[in-house]
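A.B. asks: Before I ask anything, here is the structure I am working with.
The values are calculated or read from the model by the stated rules, or taken from the named source; none is laboratory data. Computed from a predicted structure; not experimentally measured. Every residue, glycine among them, receives a Cβ derived from its backbone with ideal geometry; neighbour counts consider all protein chains shown. Only protein heavy atoms, including side chains, enter the accessible area calculation; ligands, DNA and RNA are left aside. Shrake-Rupley method; radii C 1.70, N 1.55, O 1.52, S 1.80 Å.
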Amino acid sequence: MNVDLSTKYLGLQLANPVVVSACPLVGELDVLKRLADHGAAGAVLPSVFEEQIEHGDALAEGAGYAVMETAAYFNELKAYNRGPATYLKYLEAAKQAVPIPLIGSMNVHHGGEWVQFARRIEDAGADALELNVYLLVTDFSTTSREVEAKYVELVAAVRDVISIPLAVKIGPYFTALPNMARRLVEVGADGLVLFNRFLQPDIDLDLMRIVPRLSLSNPDEMRVALRWIGLLHGRVGASLAASTGIHFADDAIRMLMAGADAVMVASTLYRHGVETLATLIGGIETWLEGREYRSIDQIRGMCSQLRCPDREAFARANYAKAISSYAMGTEAAT
């Protein structure tokens with residue numbers, strides 16, 4: 001039996017639901033070709049940071065120290081995303097090299113001239129744009145209402161300058177995430193990527209100072225996105241992509257059953273190699289075939305809140321159920 005793994009994400013027709021997240025792997029043309037050969041249905045290019053766009057040429061004589069420091073710091077990111085100018089040339093070359101949809105990416109936190117760069121990404125041939133809003137509030141006077149307004153403002157500004165599909169990648173830390181999701185869609189988001197991973201600091205005990213530390217995701221982290229995709233499926237007029245913690249076929253299948261249109265992977269490629277893409281996609285197909293499903297459309301959203309017999313499975317009541325079942329299990333083991 002042939003299984004149809006095709007799906008639509010941001011209006012783009014994908015051969016299967018597995019898309020490679022923004023990461024350095026996608027920024028190397030030979031690796032990008034291998035990703036496509038092993039089944040990647042699409043790929044998100046490494047993000048260009050707004051600071052790179054706005055301050056990339058700020059090291060000219062007379063620039064202020066703060067601007068120079070920012071420009072010098074983000075100049076190091078060229079090893080990750082090649083810098084704004086070369087980024088566009090790479091995108092053009094990548095479009096010629098692989099047959100899969102390529103999604104440009106911008107990492108931003110407040111408005112500015114960088115917005116116009118979104119149009120240049122479109123002109124370079126991107127099939128869509130992913131706006132990764134990384135807004136970490138440390139000011140005690142800033143309110144949640146102001147933060148939400150900033151997100152809406154950023155999405156609306158980018159929507160005004162591009163015509164290609166727009167995905168917005170956000171974090172889970174909203175007081176009322178369903179309302180926030182709906183507002184982002186209302187101002188032009190064609191899709192939501194749930195979720196980005198905020199870089200968490202660490203303390204180096206030898207140096208006795210704060211240091212940045214980036215860790216690969218693990219499968220347990222996918223449950224946050226699983227919950228919210230299950231809650232949002234069928235309730236917002238936008239595509240939903242699951243990101244963070246998707247390492248194996250079973251993880252992807254769970255996300256599809258919650259309501260995801262696509263699943264995004266990166267950490268598993270670093271842990272298990274580019275070849276794991278074929279294993280992951282094949283595992284989805286085998287699982288569907290073994291249960292006599294003919295397409296992923298048949299399982300998408302079947303465990304979302306809209307279709308789940310136990311509507312409280314995504315809500316507070318499930319907390320008490322989980323705690324009590326764990327306690328009973330512990331009791332039985334003693």
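A.B. asks: For the range 101-165, which GluC sites (Glu not before Pro) are in a loop by DSSP, counting at most 10 other Cβ atoms within 10 Å? Mind dumping the intermediate values first?
C.D. replies: Numbers: sites: Glu113, Glu122, Glu130, Glu146, Glu148, Glu153; in loops: Glu113.
The qualifying sites are Glu113.
A.B. asks: Let me ask another. Filter the GluC sites (Glu not before Pro) in the range 202-291 to those in DSSP coil with at most 15 other Cβ atoms within 10 Å of their Cβ, and list the result.
C.D. replies: Working: sites: Glu221, Glu275, Glu285, Glu289; in loops: Glu275.
Answer in residue order: Glu275.
A.B. asks: Once every Cα of the range 169-226 carries one equal point scatterer and solvent is ignored, give the base-10 log of I(q)/I(0) from the Debye formula at q = 0.21, 0.29 Å⁻¹, two decimals.
C.D. replies: -0.89, -1.20
A.B. asks: Restricting to Cα pairs below 8 Å that are 6+ residues apart, what does the relative contact order work out to for the range 131-217? Please round to a whole percent.
C.D. replies: Numbers: 87 pairs, mean separation 23.8, N = 87.
Value for the range 131-217: 27 percent.
A.B. asks: What spacing in nm lies between the two simple spin-label points modelled at Asp204 and Gln96, each 7 Å away from Cα in the Cβ direction?
C.D. replies: For the pair Asp204/Gln96, the computed spacing is 4.3 nm.
A.B. asks: If you count, for each residue, the other Cβ atoms within 10 Å and average over each peptide, how do 297-304, 242-249 line up from highest to lowest?
C.D. replies: Working: 297-304: 18.0, 242-249: 23.2.
So the order, starting with the most tightly packed, is 242-249, 297-304.
A.B. asks: Could you list log10 I(q)/I(0) for the range 211-294 at q = 0.12, 0.13, 0.17 Å⁻¹, which the Debye formula gives when each Cα is one point scatterer?
C.D. replies: Log10 I(q)/I(0), no solvent term: -0.38, -0.44, -0.72.
A.B. asks: Measuring from a point 7 Å past the Cα of Thr279 along Cα-to-C-beta, which residues in the range 236-257 have an amide N at less than 14 Å?
C.D. replies: Correct set: 247-251.
A.B. asks: Hey, could you grab the Kirkwood Rh for the range 86-203? Inverse mean 1/r over distinct alpha carbon pairs, Å, one decimal.
C.D. replies: Numbers: mean 1/r = 0.0658 Å⁻¹.
The Cα-based Kirkwood calculation yields 15.2 Å.
A.B. asks: Taking only protein heavy atoms into account and a 1.4 Å probe, give the accessible area per residue of the range 108-197 in Å². Can you show the working numbers first?
C.D. replies: Working: 4150 Å² over 90 residues.
I get 46 Å² per residue for this part.
A.B. asks: Of all DSSP beta bridges located in the range 143-277, what percent are antiparallel, nearest 5?
C.D. replies: Working: 4 of 15 bridges.
Percentage antiparallel, nearest 5: 25.
A.B. asks: Note the per residue figure in Å³ for the convex hull of the C-alpha positions in the range 141-256. All intermediate terms of the calculation are to be shown ahead of the outcome.
C.D. replies: Numbers: hull volume 16.9 nm³, N = 116.
In the range 141-256, the Cα convex hull volume per residue is 146 Å³.
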